[in-house]
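Only one structure is covered here, and it is reproduced in the block below.
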Amino acid sequence: MACTLPYYLFMSRLNILVVEDEDAIRGMLLMVLEQAGFKSSAAADAEEAQKALAENSPDLILLDWMLPGISGVEWARRLKKEPAYRELPIILLTARGEEEDKVRGLEIGADDYITKPFSPKELVARIRAVLRRSGRIQGVAQITLGDLTLDTEQHRLTIGDKQLEVSPTEFRLMQFFMTHPDKVYSRTQLLDQVWGRSVYIEERTIDVHIRRLRKILGEYGREDWVQTVRGFGYRFSLME
């Protein structure tokens with residue numbers, strides 16, 4: 001069943017500027033941000049980052065401490081002195097874990113500090129926390145896709161005015177799907193995002209919950225919204 005109902009995402013307009021000189025790390029960060037629903041742009045050094053700021057003002061900067069030429073921490077210090085960027089959130093990424101380094105980073109105006117290596121989930125959580133503190137996003141109580149609404153405060157999933165009976169795990173799975181529509185995720189990725197890496201669950205458990213979600217949505221003619229991508233995993237989409 002094709003569906004052309006509009007959907008609304010709450011972080012789709014937020015743009016993160018990644019300033020990192022190592023190609024592999026920069027690519028990984030951009031992938032993590034995309035999967036989390038953010039827009040992103042990238043720069044390899046402070047000079048490129050300054051140009052990126054002029055072209056498209058980001059909502060937050062992920063900034064590597066050690067950059068070629070002007071260091072990340074020095075560029076952040078200069079940036080915070082400019083009235084136009086004084087309130088722009090900055091998260092420093094660094095392998096330097098000493099307390100005095102953390103203090104220095106915060107004293108120059110950085111909003112947070114993440115020591116490498118870090119997990120994607122920690123990174124996204126830190127970004128969202130800084131964005132909330134800065135007023136750029138608020139806690140999202142409702143997520144709406146077409147006539148499907150997920151209410152995180154009341155823990156309700158509804159189609160129109162009909163409440164769907166889903167388990168807590170299925171609710172979390174739907175919350176992830178609805179905040180990441182039209183993207184394909186493997187079973188491993190879904191396990192990491194919904195259950196967490198610290199919990200051991202067989203990948204086939206995902207299939208059980210997918211079948212149940214399809215059955216529930218199928219009662220309202222929406223079973224095609226949860227789609228199987230052969231050889232890879234699953235996608236949630238309002239379009240066939």
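Quick notes on this structure:
- Condition met for PHE171 (within 21 Å of GLU34 (Cβ to Cβ) and either free of Cβ contacts under 8 Å to residues at least 12 places away in the same chain or not polar (S, T, N, Q) (or both)): no
- The residue pairs whose first member lies in segment 201-216 and is within 25 Å of LYS162 (Cα to Cα), whose second member is of a type in the set (Ser, Thr, Tyr) and in a loop (DSSP other than H, G, I, E, B), and whose beta carbons are closer than 6 Å, counting only pairs six or more residues apart or on different chains, do not exist in this structure.
- Restricting attention to segment 182-193, the residues that are out of contact with any helix residue (DSSP H, G or I) (no Cβ under 7 Å at 6 or more places or on another chain) and surrounded by 19 or more Cβ atoms within 10 Å (Cβ to Cβ) total 1.
- Qualifying position, being closer than 23 Å to GLU122 by Cβ, touching a residue at least 12 places away in the same chain (Cβ under 8 Å) and surrounded by fewer than 15 Cβ atoms within 10 Å (Cβ to Cβ), among GLY196, GLY221, GLY160: GLY196
- Filtered residues of segment 43-59 (kept if in a strand (DSSP E or B) and either modelled with pLDDT under 95 or among the polar types (S, T, N, Q) (or both)): none
- Scanning segment 23-40 for residues that are crowded, with 18+ Cβ neighbours inside 10 Å and not aliphatic (A, V, I, L, M) gives ARG26, PHE38, SER40.
- Leading residue by the ranking (nearest to LEU157 (Cα to Cα)) among those in segment 217-235 that are part of a strand (DSSP E or B) and not small (Gly, Ala, Ser): VAL226
Here's the yes/no breakdown for (1) in a loop (DSSP other than H, G, I, E, B); (2) modelled with pLDDT under 95:
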residue	(1), (2)
CYS3	yes, yes
MET11	yes, yes
VAL18	no, no
ILE25	no, yes
VAL32	no, yes
SER41	no, yes
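- Annotation note: of THR149, THR179, THR205, the sole residue that is at pLDDT below 85 and surrounded by 14 or more Cβ atoms within 10 Å (Cβ to Cβ) is THR179.
- Search result, residues across segment 183-216 that are assigned to a loop (DSSP other than H, G, I, E, B) and either under 19 Å from ILE159 (Cβ atoms) or more than 24 Å from the chain's Cα centre (by Cα) (or both): GLU202
- Which numbered condition LEU62 misses (of (1) part of a helix (DSSP H, G or I); (2) under 22 Å from the mean Cα position of the chain (by Cα)): (1)
- Hey, LEU238 buried (at least 18 other Cβ atoms within 10 Å of the Cβ), in contact (Cβ under 8 Å) with a residue 40 or more places away in the chain and not in a helix (DSSP H, G or I) or not: yes
The values are calculated or read from the model by the stated rules, or taken from the named source; none is laboratory data. As the structure is a computational prediction, the values presented were derived from the model and not from experiment. Backbone-built Cβ (ideal geometry, glycine too); neighbour counts: all protein chains shown.
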